[in-house]
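Heads up, the thing below is written out as structure tokens.
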Amino acid sequence: MMNINEALSAQAQTRPTASALTDTLGHEWSFADLEKAADDLAAELKTRGVLPGDRVLMLLENCAPVVAVIFAATRIGAVAIPINARLSDAEVDRVIAHATPAAVLTTSQVSSEAAAHADRLGAETISGSYGNLDCKVLENDPDPDLSDVGVILYTTGTTGVPKGVMLTHDNLMFAGAASRDARDLCPDDKVFGVLPISHVFGLASVVMACTIAGASVRLEPRFTAQGLYTALQEGITALSAVPQMLAKLMHYTATKGYDSLPNSALRYVSSGAAPLDIDWKRRTEAFLGLPLQNGYGMTEATAGICLTRHTSSTDDISVGPPLPGVELRIDTTAPGSQDDVGEVQLRGANVMKGYFRNTEASAEAFTKDGWLRTGDLGAYDAQKQLHIKGRSKELIIHGGFNVYPPEVEAALNDHPKVIQSAVIGRQIDGDEKVWAYVEVSAEDRPTEQELLESLSRTLAAYKRPSRIVMTEKLPAAATGKILKHLLHKIPE
């Protein structure tokens, strides 16, 4: 079994003074600094009773101490559980009750939400080479079955029992190396790290990939278009983002009078978590002056499943082929399938061990012959590149026809006055209607009729929204991904 600490130790031994992490708290850590921080924090946690097989839960916003916690916990043989500090008290309490961690740490210095959780839990401040953290010691509950697990990432909703995705050290090392190779990351790279470390994208595709590659990460606690613009002016070379981030960056840059990105060292950019359309992709590539790579992943697959590797701009809007070592198949017998569209299923070294303390959900996640069910609908093109059509549970059946929200969203996003959009189905009078929510600028707001006329040129009538709701801000997760379950709160 591999261990993620091997990657850190390799960098600390061969390139001790090379930059590993910087953050908004002023930390500028070399790989030797990061290893010392992990060692010192591991010693501190041991004195507070943390044992192998225990869980160490982290309520966080991105900063250097978070990375130290992950390596410190796993050096003990414990399991790190990074949780977004912006979760509500009830959501945090559900995870704590399910995971029964031996300790809870918070990044209070960088997050008012984390500080509020620390105060509510009665945590005390600890300090050292790892920075300042707040720590609440709870009861030990070691689990020997977690000996190969590095992290547990919780996927939580507003109700129900949360599901903890168990990612092994092997999962994390495989995913980090695959991400490094796909992005050609090297020690000269400076990577923008705003994708939350509590999310598999930020953890595996940024932190682990950069540790393995020896690249430097600029950690940012929250996304702002201005923050990304500034970072790109200051030497960022590689950017992994979601389309919403790029859309906001382009809008912000336009307000400064530029139609392309000025003074940038950026050499690589990839997009994930949402579909692309050809016109939007063309505009983005013209703005960046780079080919835009497109990827597909999920928590249960340690982020990466597919990624394009274009060397120049192209009209390909697929998510590309599977990463080396990942096998895919399309099950056209799954719910929501139609013609050659079916559920994407996979297997490989990136697939999770299972859900923590949830054998039933773990069993349901896999087919009888051992393939992971993604719940995503996809199809291959003639070049055997994968195209994601949407979530099987988000499929809209309107008037007996299948409507895939990503296709409608792509058509909406093509309008120059639309920043981003989200499409859902609504049951009205015995039929499922197509309902669209569109983020627009207050200064350049289109009318609903204007958007519908634009859609009439690109979408069949049954795919066009019955209603388009305008808003200046769509609800989004820390990654920038739109939270569709909160759309109903937007005034109509």
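Assorted remarks:
- Karplus-based coupling profile of segment 126-142, in residue order and whole Hz: 10, 9, x, 4, 8, x, 10, 9, 10, 10, 10, 8, 10, 8, 5, 8, x, with θ = phi - 60° in 6.51 cos²θ - 1.76 cosθ + 1.60 and x standing for Gly or Pro.
- Mean ellipticity per residue at 222 nm, deg cm²/dmol - from DSSP H runs of n ≥ 4 across the chain, formula -39500 (n - 2.57): -8500 deg cm²/dmol
- Compared with the dominant principal axis of the Cα atoms in the chain, helix 169-183 is inclined by about 50°.
- Annotation note: GluC sites (Glu not before Pro) in segment 380-480 located in DSSP loop regions with a Cβ neighbour count of at most 12 within 10 Å are E443, E472.
- Gain on full stretching of the segment that runs from A254 to Y462 - 0.36 nm per residue minus C-alpha separation: 71.4 nm
- Relative contact order for the chain: 10 percent, from Cα pairs under 8 Å spaced at least 6 residues apart, divided by residue count.
- Low-density loop positions, trypsin sites (Lys or Arg not before Pro), segment 8-90 - DSSP coil, at most 16 other Cβ in 10 Å: R48
- For H398 and R282, the FRET efficiency from 1/(1 + (r/R0)^6), where r spans their Cβ atoms and R0 equals 35 Å, is about 0.75.
- Here the mean projected area of the convex hull built on the C-alpha positions of segment 395-489 is 6.2 nm².
- At 1.306 mPa s and 10 °C, Stokes D of segment 4-170 from Kirkwood alpha-carbon radius, µm² per second: 100 µm²/s
- Counting only lysines at least 8 places from K389 when in the same chain, those with an alpha carbon closer than 21 Å to its own are K281, K433, K463, K481, K484.
- Angle of helix 31-47 to the longest C-alpha principal axis of the chain, folded into 0 to 90 degrees and rounded to 10: 70°.
- Loop-located trypsin sites (Lys or Arg not before Pro) in segment 438-492, at most 13 other Cβ atoms within 10 Å (DSSP): R457, K473
- Less than 5 angstrom separates the built amide H of V469 from those of A436, Y437, V438, all sequence-distant by 5 or more or on a different chain.
- Reachable lysines, given that their alpha-carbon falls under 19 Å from the alpha-carbon of K353 and they are not under 8 places away in the same chain: K163, K368
- On Cα atoms only, tilt of 243-255 relative to the major axis of the chain in degrees: 80 degrees
- E450 versus Q233: modelled label distance in nm, points set 7 Å from Cα along the beta carbon direction: 3.0 nm
- Listed values (i) 39, 29, 19; (ii) 36, 26, 22; (iii) 42, 31, 19, entry calculated as semi-axes √(5λ) of the Cα gyration tensor in Å: (ii)
- Alpha carbon centroid spacing (whole Å) that separates segment 268-347 from segment 403-426: 18 Å
- Pairs of alpha carbons in segment 223-392 whose separation is greater than 30 Å (percent): 27 percent
Since every read-out is calculated from the coordinates, none of them should be taken as a lab result. Here the structure is a predicted model, which is why all the values come from computation and not from measurement. Please note: Cβ atoms are built from the backbone with ideal geometry, for glycine as well, and neighbour counts cover all protein chains shown.
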